[in-house]
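Quick notes on the structure that follows.
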Amino acid sequence: MSRIGRMPIAIPAGVEVKLDGNHLTVKGKSTLEMDVHPNMIVKIDGAVITVERPNDDKQNRALHGLTRSLINNMVIGVSEGFSKTLEINGVGYKATKQGNKVVFNLGYSHPIEMVEPEGITLEVPDNQKIIVKGADKQLVGETAAKIRSFRLPDAYKGKGIKYDTEHLRIKEGKTGAKK
């Protein structure tokens, strides 16, 4: 039995969960929707959601924990939300917010402009930090990864965009020793 799949999901106050056939809707600060796989059995009992599987087929075992995790992420997303913080390192590298878009100056010949995707808010508290917030965990991670890809961290100097939790291993440069 899946250890993750059999854990019940508590529905916090202010979150409304509806199940119409296989279509699950979670409402809170925002609304998230998902189509549950037809093999999975989702039950809503008061303030608890449980996910069950009909049998122990390989596909059903795989879907059991996945479905529970996706529903749990939806509930957490509409109640608390998800965020990722990115840091910009490098001389002259900076980000500025202009309306609903963020402009990056990352040492290229041109600035890079990124418009906020729907359901995501980009905050720039200072020129060297970007906070990606949203209710959809996958979309937050995707957006943060896209921003990071504008200038990946350099292995020798550490210049570029990195996650705040990321630890860079800086390589040693050439020694120049001659024989």
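Of note:
- For the chain, the longest principal axis of the C-alpha atoms and the axis of helix 58-79 are separated by about 70°.
- A 1.4 Å probe over all protein chains sorts Lys174, Lys94, Lys137 by accessible area into Lys174, Lys137, Lys94, starting with the largest.
- Accessible-area order (highest first, 1.4 angstrom probe) of the listed residues Ile170, Ile76: Ile170, Ile76
- Legend: Rg and Dmax of segment 44-84, from Cα coordinates, 12.6, 38 Å.
- Take the Cα of Gln138, step 7 Å toward its Cβ, do the same at Lys58, and the gap between the two points is 2.3 nm.
- Here Asp126 and Thr31 are evaluated by their C-beta separation; at R0 = 30 Å the FRET efficiency comes out at 0.40.
- Per residue solvent-accessible surface (Å²) - segment 10-68, probe of 1.4 Å: 59 Å²
- For segment 76-129: Kirkwood Rh in Å [reciprocal of mean 1/r, alpha carbons]: 12.4 Å
- Table column - 3J(HN,Hα) (Hz), segment 117-131, Karplus curve with 6.51, -1.76, 1.60, x for Gly and Pro: x, 5, x, 10, 10, 10, 10, 10, x, 9, 5, 9, 9, 10, 10
- Read-out Cα Rg over 2.2 N^0.38 Å, derived from the coordinates shown; its label in (1) 3.75; (2) 1.47; (3) 1.36: (3)
- Each Lys and Arg Cβ is given +1 and each Asp and Glu Cβ -1; about its Cα centre, the chain then shows a dipole of about 1140 debye.
- Rounded percent of accessible protein surface that carbon and sulfur make up, the chain, 1.4 Å probe: 49 percent
- At R0 = 35 Å, FRET efficiency that the Cβ-Cβ distance of Phe150 and Lys174 yields, to 0.05: 0.80
- Karplus-based coupling profile of segment 10-24, in residue order and whole Hz: 7, 8, x, 5, x, 10, 10, 10, 10, 10, 10, x, 9, 9, 9, with θ = phi - 60° in 6.51 cos²θ - 1.76 cosθ + 1.60 and x standing for Gly or Pro.
- For segment 90-162, diffusion coefficient by Stokes-Einstein and Kirkwood Rh (Cα), 37 °C, 0.692 mPa s, µm²/s: 259 µm²/s
- Taking label points 7 Å from Cα along the Cα-to-Cβ direction, Asp164 and Thr96 give a separation of 2.3 nm.
- Ile41 versus Ala10: modelled label distance in nm, points set 7 Å from Cα along the beta carbon direction: 2.6 nm
The values are calculated or read from the model by the stated rules, or taken from the named source; none is laboratory data. Just so we're clear, the structure is a prediction, and the values are computed from it rather than from any experiment. Ideal geometry is used to build each Cβ from the backbone, glycine not excepted, and the neighbour counts take in all protein chains shown. For accessibility, only protein heavy atoms count, side chains too; no ligands or nucleic acids. Shrake-Rupley method; radii C 1.70, N 1.55, O 1.52, S 1.80 Å.
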